[in-house]
Amino acid sequence: MALTIISLIKQVPLPGEMRMGEDGLMDRTKAKSIINIDCQFGLEAGLQLKKQNPDSRLIVCSMGPKSFEVALRTAISMGYDEAYLLSDRKLGGSDTYATGLAIATMLKHLGFTKDSKEPYIILAGRQTSDGDTAHVPSQVAENIGIPQATFVESVKDDGNGNVIAKRIIEGGYQILKLPFPCVISLTPTGIPPRKPSLRGAIKARSLVITTFGIEDIGLGTEKIGISGSPTIVAKVVNIVSERPTITMSEGQNEASLVDSLIANIKKGGNVLEKKEHEAPKKIERPDFPEKDFRNASRGIITWAEITNGAISRPSLELLTPARKLAGQLGDDTKIITLMIGKNVRLLAQTLIEHGSDEVILVENDKLEEYLVLPFSSIFAQVIRKKKPEIALFAATTSGRELAPRIGMKTDSGVTADCTGLEIGEYVNRKEKTIYKPVLESRRPTYGESKLATILGFVCPQISTARAGTFEVPERVVGREGIVSSFEPVLNDKDFVVEIVKTARGGGGLQNLFDADIIISGGRGTTNDNLGLIKALAEALKSQGVKAEWACSRPVVDEGGAEYARQVGQTGKTIRPKVYVAVGISGAIQHLAGMKEAEKIIAINHNPKAHIFNNADFGIVGEYADIIPELIERVKEGFTFGINGKEF
Ligand code: FAD
């Protein structure tokens, strides 16, 4: 039976031209538009699958205003056959839950259900540049009731009715075998998207795009648009960051420039002191009655992700905001942590000593490695039993697909990639009511230039927290808590995805979170394929320093490094003691991943490079001259002050 390949795309404002309207929502009228970059990779992946299945039918779908037809026609000119647009004013302001629901309803209306007789695959971009949540692919998969793989680097048909997907995980990758039908979301690291062809462009001009309104697909208004969405954007403020002025190296040649750098670092002084967000305007609090919307829901649940038999560091970091929120909520608010795995009981005490009050264990041989289908089903069962008011996940690749899948099951909204979590209140002037207490989830948005506060009024209020943002709470040895077991209902259909291989650690897959010093190469260092960057990291390692190398996004996009090494908004957020940015311009999306480093050193041949506005120490020079000189100094014992060594 012929395969149907469905690509979901979104038209987005050209990054850099994004503007926010008065209402806190994206104003699409002022910016040039493109197909979201990740979706372009999804489109290309579909065309590659067609090569393997010449009889297959290629469909492209989108949801948005009529102007999104431009993106659909571009997809047709790249080689797609049919285009569908879900366009209805009532969808305006939908959050990711409502968007996932609406798109899934359109697909089901087109005949793509979990029981479809004909095989199909839904491809999507990992995330969009205007929303940046990565939720919608998971929500579509959950709503249709089919398996998924997100953060996928490559996808192919194995010829036996399965899809083989290479999925990025923390510190490595996994090869998954999924049956049709399934949803796959693509990172930008696959085969570059092709340009539209002339023949395609002629076809696109005359093609009729089928446009649906919500009534056409049988979708009501209860769960869509601003009023039907479980989350709202309550507030948006500018992000103001404070780092002391940079100290630049002075010298006539690379040796004197490096001497000057070492002397400047020795003097010290330049470290990140504090960061502030623009103070919101003070508005008088009206005298409205307060409403507690939580009903019987109480307490906080977190997920302990297990990697290589240990609790992942981002899962331990979660306990810092969890403890703070519990303190703000008062009334003996408890923190429960759910740990799923094989023989994980021994790890429970670690969670308790870091701040959990109760650890719920689900142990089963079949659950040794994380899989989104059984894990989301188990999590939803625990939520139904324990009724937490808040659920927190680390925003790792697994956390970012698990949380929205659970959110769909529990009808809760999810806030992605938070850097701040507080308990607050929401003044609803229309209803003349103050909702309290409510979780205020704060996340950087609009290319990291603004901080949005998102609220949800359905329990559990779900958020994912950006890894590396919170410190791991101090361990209190001997702290007491409850360890209990939970017997979930396990369904065979949740085990249809097979893990063919899991690779973590070693070589190119090192986890960057543990390194004290990171040498990071940008597009300016690709001449020698980051050879000097790697050599400097190696030299530091030889001195006993926990050093690693990383890179900016263009290096990954051009195939120069694995995605696991990418630092930035769509890569990793790290806070090493020292971050050395070499040949990196300092785009806001890169800064998002490293600006919390204790000390930032920038090396760039352009004295006006933006990175110098965000670093503590800088050298203007050719990296090919400066780095060999630095390597020599490291061999002589210079370690940027790491390991307590003198310079
Ligand atoms: P460039 O901007 O090209 O800068 C190269 C620098 O190298 C220049 O400053 C140049 O002066 C310097 N240079 C060149 N040659 C030399 C030399 N011989 N010696 C010394 N210096 C030299 N980017 C990320 O890094 N991470 C992300 O997670 C990320 N996510 C993104 C998400 C979205 C939605 C979008 C739209 C973009 C994202 N980007 C991300 C891309 C980001 O906007 C920038 O394009 C990117 O960070 C630029 O990388 P770069 O600094 O290496 O390259």
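What follows draws every value from the coordinates through simple rules; no lab data is involved. Only a predicted model underlies this, so the values are computations on that prediction, with no experimental measurement involved. FYI the Cβ positions are ideal-geometry reconstructions off the backbone, even for glycines, and counts take in every protein chain you see.
List of remarks:
- Residues with amide H under 5 Å from that of Gln569, placed H, sequence gap 5 or more: His590, Ala592, Gly593
- Cross-link partners of Lys635 among aspartates and glutamates, defined as those whose alpha carbon lies under 14 angstrom from its own and excluding same-chain residues fewer than eight positions apart: Glu538, Glu646.
- With each label modelled as a point 7 angstrom along the Cα→C-beta vector, the Ala624-Val237 pair spans 4.7 nm.
- Between amide H atoms placed 1.01 Å from N, distances below 5 Å from Ser33 occur with Leu14, all of them 5 or more places distant or on a separate chain.
- Euclidean distance of C-alpha centroids, region 102-178 and region 28-65, integer Å: 14
- At R0 = 35 Å, FRET efficiency that the Cβ-Cβ distance of Asp158 and Glu222 yields, to 0.05: 0.30
- Couplings 3J(HN,Hα) for region 118-128, derived from phi with the Karplus relation 6.51 cos²θ - 1.76 cosθ + 1.60 (θ = phi - 60°), are 8, x, 8, 9, 10, 10, 9, x, 4, 7, 9 Hz, where x marks Gly and Pro.
- Note on region 383-522: Rg/Rh from Cα positions, Kirkwood definition for Rh, rounded to two decimals, is 1.02.
- Pairwise FRET efficiency - Lys387 versus Asn53, Cβ, R0 = 45 Å, nearest 0.05: 0.45
- The stretch between Asn308 and Thr350, if pulled fully straight at 0.36 nm per residue, gains 13.6 nm over its current Cα-Cα span.
- Net charge of neighbours whose Cβ lies under 15 Å from the Cβ of Phe212, counting Lys and Arg as +1 and Asp and Glu as -1: -1
- Förster radius 41 Å - calculated FRET efficiency between Asn613 and Glu480 (Cβ-Cβ, nearest 0.05): 0.25
- Separation of the His109 and Glu471 label points, Cα + 7 Å toward Cβ, nm: 5.3
- Peptides 224-234, 40-50 ordered by average Cβ neighbours within 10 Å, highest first: 40-50, 224-234
- With each label modelled as a point 7 angstrom along the Cα→C-beta vector, the Leu490-Lys436 pair spans 4.7 nm.
- Computed over the chain, Kirkwood Rh from alpha-carbon pairs, angstrom: 25.8
- Maximal additional length on extending the Gln252-Ser197 stretch stands at 14.6 nm, based on 0.36 nm per residue less the C-alpha distance.
- Across the options Val12, Leu110, Ser520, the greatest Cα extent toward the positive end of the charge dipole of the chain (unit charges at beta carbon of Lys, Arg, Asp, Glu) belongs to Leu110.
- Residue-count net charge about Lys541 - beta-carbon cut-off 13 Å; Lys, Arg +1, Asp, Glu -1: -1
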